[in-house]
Amino acid sequence: MSHDSLIDSSRAWLTVVATFVASGVTLGTVYSFGSFFDAMAEDFGTGRGSTAVVFGVTTFAFFWLSLLTGRAVDRFGPRPVMAAGAFFFVIGLMVTSHANSIVVGYFAYGGGAGMAAACAYIPMVATVGGWFDRRRATAVGVSVAGIGVGTLVMNPLVTWMLDIYTWRTTFRIVAGAGGLLLLACIALIDRAPIEVGAARARFGEAARSPVFRRLWAAGLCSGMALFIPFVFVVPYAKDRGASASAAAWLVGLLGGASVVSRVGFASLSERFGTFRLFRFGVVLFPVSYAVWLLAGSSYLMLVLFVLTLGAGYGCFVAVSPLVLADRFGVVGLGSMMGLFYTTQGLGGLIGPPVAGQLIDSTDSYRWPLATAFLFGAAATAILFSIRSNARGGLDAEPVSTV
């Protein structure tokens, strides 16, 4: 088959399936950390702030290592990168299950699960972008929906397993089953017919772009707010009388809302414009935290919070690759996405541990929630300082004549 005939073909959709499953396994596991939180903190005898560092290191490793894996998929193709992800996923969780101190968890879970997610998400989404032209927005939306489905499934599943097994045994079960699914994904994915692999790294180009710098700043502010509930909404709900299963479903619902949001917003991007939708998604971040601040002990208000944040989160994830592709093109998109998502790594590293320290020192969630609200508002303000075109997108980056 010619390269042109492979674009938007049934073969292209196998790459979507592989990306959906791989991101669901790796990030569904990472985002189920809140369900493990209490058991790990009790076993290691650590406070909320120290235990939250495990999640912080994981998200930092995920997004910052994506700088390397995004470039690696541009150069070597997706199969070697996916194989590395499967290896680190299994090793990281297995070593964590034998850890005798929280510090080992920082390196084993943080490095292993973080590297696995770095291999299975951003570089694979970039690969999907090279397989599609006419249906790129829908394909990317379906691909990134795997994170939401993984989050929806993994939190209740992990909570159920924790009722039967220890957290250590649960990690071992997840490592075995997840590793097998990631190996299956290697057979489904392949290098895109659009030759993104020949592209040079585009880090310097991004750093010189005023628009990219503002997008990066907005991403950092949003990341400071985004990851707090993945660690703390489950303990918050349990502290206020919710059962363990009901609390776990909050993160599951956040993931479920993001599934609908990812597919829906990606498919709406052609009608309303990629950047216009992206801004709308980020607006939902401060709106959601206003709901949590008012929630108190109301479980229904917490449900409203996670549904609102999940919708904004899903929009952010689904539409940001399209915004970058509009502005910079699909060639070398892996390195461009890797650089943009370092914002989320910093946000994940700083946000939850700082929130945990504030909760430990004040015995209240109010201050970390108010801070998250302010960071979401700052992200919104930065995005509204960037002009969109008449179609609601960003124009292509001007070519320098100097």
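The values are calculated or read from the model by the stated rules, or taken from the named source; none is laboratory data. What you see is a predicted model; the values in this text were computed from it and never measured. When we count neighbours, we look across all protein chains shown, and the Cβ atoms used for this are built from the backbone with ideal geometry, even at glycine.
Brief remarks on what is shown
For (1) in contact with a Phe, Trp or Tyr (Cβ under 8 Å, 6 or more places away or on another chain); (2) part of a helix (DSSP H, G or I); (3) β-branched (Val, Ile, Thr); (4) closer than 22 Å to Val125 by Cβ, each residue gets a yes or a no:
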position	(1), (2), (3), (4)
Leu277	yes, yes, no, yes
Gly310	no, yes, no, yes
Val317	no, yes, yes, yes
Leu324	yes, yes, no, yes
Arg327	yes, yes, no, yes
Met337	no, yes, no, yes
Gly348	yes, yes, no, yes
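- Total residues in segment 221-258 satisfying the condition of being out of contact with any Phe, Trp or Tyr (no Cβ under 8 Å at 6 or more places or on another chain), of a type in the set (Gly, Ala, Ser), surrounded by fewer than 22 Cβ atoms within 10 Å (Cβ to Cβ) and assigned to a helix (DSSP H, G or I): the figure is 2.
- Look at (1) crowded, with 22+ Cβ neighbours inside 10 Å; (2) over 21 Å from Gly348 (Cβ atoms) and you find that Gly264 fails only one, number (1).
- Some residue of segment 196-209 being basic (Lys, Arg), over 20 Å from Ala39 (Cβ atoms), modelled with pLDDT of 75 or more and surrounded by fewer than 17 Cβ atoms within 10 Å (Cβ to Cβ): yes
- Residue count for segment 365-396 satisfying the condition of being surrounded by fewer than 20 Cβ atoms within 10 Å (Cβ to Cβ), outside any helix (DSSP H, G or I) and not basic (Lys, Arg): 8.
- Subset of segment 32-51 that is surrounded by 20 or more Cβ atoms within 10 Å (Cβ to Cβ) and not basic (Lys, Arg) - its residue that is farthest from the chain's Cα centre (by Cα): Met40
- Which numbered condition Tyr299 fails, given (1) touching a Phe, Trp or Tyr at 6+ places or on another chain (Cβ under 9 Å); (2) surrounded by fewer than 24 Cβ atoms within 10 Å (Cβ to Cβ): (1)
- Exclusive hit being under 25 Å from Val25 (Cα atoms) and under 19 Å from the mean Cα position of the chain (by Cα), set Ala139, Ala177: Ala139
- Sub-7 Å Cβ pairs linking a first residue in segment 286-305 that is outside any helix (DSSP H, G or I) to a second residue that is surrounded by fewer than 17 Cβ atoms within 10 Å (Cβ to Cβ), at least 6 apart or interchain, are Ser297/Arg240; Ser297/Gly241, ordered by first then second residue.
- Scanning segment 321-343 for residues that are buried (at least 24 other Cβ atoms within 10 Å of the Cβ) and either within 16 Å of Gly255 (Cβ to Cβ) or of a type in the set (Gly, Ala, Ser) (or both) returns Gly334, Ser335, Gly338.
- With a requirement of 3 or more residues that are closer than 17 Å to Ala187 by Cβ and at pLDDT 85 or above, the helices (runs of 4 or more DSSP H) lying completely within segment 1-89 that satisfy it span 10-30.
- Residue count, segment 169-185 (criterion: surrounded by fewer than 16 Cβ atoms within 10 Å (Cβ to Cβ), in contact (Cβ under 8 Å) with a residue 60 or more places away in the chain and closer than 24 Å to Ala244 by Cα): 1
- For the residues Val25, Val54, Val81, the requirement of being closer than 16 Å to Leu183 by Cα, buried (at least 24 other Cβ atoms within 10 Å of the Cβ) and without any contact (Cβ under 8 Å) to a residue 60 or more places away in the chain singles out Val81.
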